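Just below is one structure, and these are the notes that go with it.
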Amino acid sequence: MVGILIQLLISWVLLRLIEKKNLTAIGIGLSSQRLKYLGVGLLFPILYYSILFIVLSYVGKNPYRLNNNYTPTNFLEAIWYLFKSVAFETLIFQGALLYILIKHFGSTKAILISAVSFGIYHWFSWNLFGQPSAMIITFLTTGLMGYLWAVAFDKTKSIYLLFALHFGTDFAFMILFSKDKSIGQQLFVQTYTIDPYSPGTIISIILLIFYFIGFQTFLFFYLRSIQPSGDIDKKITIFN
């Protein structure tokens, strides 16, 4: 928590020195619209990935079951870890620095810089150096998500929607379903270690597409439908 407070302080200093603004520039004030963004941002990825993972487990004949060893303490510790992790990344890549970049370079360049930085950052956080294939895949996947988080900030002029989208996505992968075990146990685990049946059918291919780019595609069109707020002078042009 101390780290987040330090990040907020640094963000405030940067905004004051460079833009003569305060933290309201990154949209931390609550409003009915931002509460709506919080709700949509949380529910959308959780529902999307929950449905997708359940369908995938059904096709692979490897159904999920409730983890009987999972405790309320596990859940609270995971939520707190996830909150700190998402807040840390949000304040670095989609907060004050992104605001300043948009003001000085325009939305398109600023968002690309943020996305590339987000992709490269995960090489370090996931310790992928020396693994070229993993580095390329990670850069593309996390860079794309970083791009969409940055677009969400530019569209809404607030960190709430992108924070909720990021948190909801990680919540599905790291807390609900056993897709990422980096923070311990998950609430639902699959019956078998390896799927006993993974058919190479059209449906399985379609499901894989929905796994890798489905959410991003739906999110792209959702963000495109949002009318940009007017707090930042230079608007994104890629959606016009």
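What follows is calculated from the coordinates using simple rules that are stated; it is not laboratory data. These figures come from a predicted structure and were not determined experimentally. As a convention, Cβ positions derive from the backbone with ideal geometry for all residues, glycine included, and neighbour counts pool all protein chains shown.
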Kindly rank 98-111, 26-39 from highest to lowest mean number of other beta carbons found within 10 Å of each residue. 98-111, 26-39
Using helices alone, I'd like the mean residue ellipticity at 222 nm for the chain: each DSSP H run of four-plus residues gives -39500 (n - 2.57), total over residue count, nearest 500. -20500 deg cm²/dmol
Karplus couplings for region 207-217 from phi (6.51 cos²θ - 1.76 cosθ + 1.60, θ = phi - 60°), rounded to Hz, Gly and Pro as x? 5, 5, 4, 5, 5, 8, 9, x, 4, 4, 5
Dimensions in Å of the chain - Rg and Dmax from alpha carbons: 18.9, 60
If you average the alpha carbon positions of region 133-168 and of region 7-84, how far apart do those two centres end up, in angstrom? 12 Å
Long pairs among 84/109; 36/61; 61/84; 109/155, criterion Cα-Cα beyond 26 Å: 84/109; 36/61; 61/84
Highest first, please rank the peptides 134-141, 150-157 by the mean number of other Cβ atoms sitting within 10 Å of their residues. 150-157, 134-141
Show me 41-52, 83-94, 209-220 ranked by packing, highest mean number of other Cβ atoms within 10 Å first. 83-94, 41-52, 209-220
Residue-by-residue Karplus 3J(HN,Hα) for region 60-74, coefficients 6.51, -1.76, 1.60, Hz, glycine and proline x: x, 6, 9, x, 7, 9, 5, 7, 5, 8, 7, 10, x, 5, 4
